[in-house]
Amino acid sequence: MRVQLIQITKRFGAVRAIDDISLTVAEGEFFTLLGPSGCGKTTLLRSIAGFHTPDAGEIRFGDRVVNSVPAHRRETGMVFQNYALFPHLSVYDNVAYGLRARRTDGAETAGRVAEILKSVQLEGLERRSPSQLSGGQQQRVALARALVISPQILLMDEPLSNLDAKLRVSMREEIRRLQKRLGITTIYVTHDQEEAMAVSDRIAILNRGRVEQVDTPVGIYFRPASRFAAEFMGASNILEFPVCAYDAQSSVITVEADGHRIELAGERPVDRTVTVSVRPEWIRVVPAHAPGDRNVLEGTVLSSAFLGSMVRYRVSGPGGQVVTIEVHHPEESGICADGERLRYQIPPDRPVFLRG
């Protein structure tokens, strides 16, 4: 089922929690709403579910406008952050609840509950109560309860936030596996960038009730559309440089960096300064004896953190800016101590020029 949001606005008093948002989620797509707390992602999800009524705009499921359709008649399954399981009911009865509310035949209910419990690997736990389950098992019950009614759209609000880090990884893989097997349109809310990249076909980054960017995980990571998107989607160096020259023939911008000139591939700048995003892993540490490299700068190591497979440096950069550099396989080059000088190269073709 395709979901289309057309100029959705939702206010709470003077606050616009959702500010004129338009999005289209394709049938069978795993679409994630990503952003910090208070950005409007949960309000938007609850509007799609029917728990909030937009002040303006249309919500369409397929060709049908559902603004006035109550939540229980929208054919959606919802997984809440706190799972919202009935503590006095068994696993079986929690999962069967939606089917019984729809007056589904007893034999069909039993068959569908057994099938979905097997899918989420909970067979044998039918008679346990939620208090006898681990956090991961409770999350599976909530997922099973949402899926057993065969919804056309699955809505998930921070479903993994109460799990420990290792269990979050395994459960997000399980959710993605089930979603792909069932082919169900899924709209997923999270504030976790890694989680969003791991499960999503596309991501919408929200900020203060508005959409900053919609793209694939690869597109957002490598081509952020704004400063907010670049900073929110993983670590990034946001650097500003004064423009010295522009070569239209080669599309090369020459900028000044602490008395050095470096060249960056890009379109003609509209201002006298440019702002670029450079991911820490794009920057290459250059040996002191390697002369003649383009775009090589030098700074003082302010701090270093050894993280096993890599070392992360914070280095004094041009114009008082701090540059973060990630060096993988540090055993090959050694680790610089705080206070040492370090030469590094900003790749000419990798920085992303940012707006806003």
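All of the numbers you see were taken from the coordinates with simple rules; none came from a lab. Predicted model, so just to flag it, every value in this text is computed and none were measured. Here Cβ is always computed from backbone atoms with ideal geometry, including for glycine, and neighbour counts include all displayed protein chains.
Using Cα centres only, tell me the gap between the range 1-75 and the range 307-347 in whole Å.
Cα centres, the range 1-75 to the range 307-347: 43 Å.
So which residue, out of Leu307, Leu34, Leu143, gets the largest mean-square fluctuation from a GNM of the chain using Cα contacts under 10 Å as springs?
The residue that fluctuates most here is Leu307.
What are the aspartates and glutamates whose alpha-carbon lies under 19 Å from the alpha-carbon of Lys10, with same-chain residues fewer than 8 places away excluded?
Cα-Cα hits under 19 Å: Asp19, Asp20, Asp55, Glu58, Asp157, Glu212.
Taking Cα atoms, how many degrees apart are the long axis of helix 135-147 and the longest axis of the chain, rounded to 10 and kept between 0 and 90?
In the chain, helix 135-147 runs at an angle near 60 degrees to the longest axis.
Add +1 for every Lys or Arg and -1 for every Asp or Glu among the other residues with Cβ under 9 Å from the Cβ of Phe31, and state the total. Intermediate values should be presented prior to the final figure.
Working: positive: Arg202; negative: Glu29, Asp201.
Surrounding charge for Phe31 is -1.
Using only alpha-carbon positions, what ratio does the radius of gyration of the chain give when scaled by 2.2 N^0.38 Å? Can you show the working numbers first?
Details: Rg = 25.0 Å, N = 356, 2.2 N^0.38 = 20.5 Å.
So the chain has a normalised radius of gyration of 1.22.
Which value in nm describes the separation of the simple spin-label points at Arg355 and Asp55, placed 7 Å from the Cα toward the beta carbon?
Using points 7 Å along Cα→Cβ, the separation is 2.6 nm.
Compute the helix-to-body angle for 106-119: its Cα long axis versus the longest principal axis of the chain, expressed 0 to 90° and rounded to tens.
20 degrees
If I build a Gaussian network model for the chain, linking alpha-carbon pairs within less than 10 angstrom, which residue out of Ala146, Ala198, Ala101 has the largest mean-square fluctuation?
Ala101
List the lysines whose alpha-carbon lies under 21 Å from that of Lys180, not counting same-chain residues fewer than 8 positions away?
Answer for Lys180, where 21 Å is the Cα cut-off: Lys118, listed by chain and number.
If the range 162-252 were replaced by its equivalent ellipsoid, with semi-axes equal to the square roots of 5 times the Cα gyration tensor eigenvalues, what would those be, largest first, whole Å? Could the numbers behind the result be given before it?
Numbers: eigenvalues 225, 45, 32 Å².
Semi-axis lengths for the range 162-252 are 34, 15, 13 Å.
Using a 10 Å cut-off on Cβ atoms, rank the peptides 315-326, 223-234, 161-172 from the highest mean neighbour count down.
Details: 315-326: 18.0, 223-234: 19.8, 161-172: 14.7.
In decreasing order of mean packing, 315-326, 223-234, 161-172 become 223-234, 315-326, 161-172.
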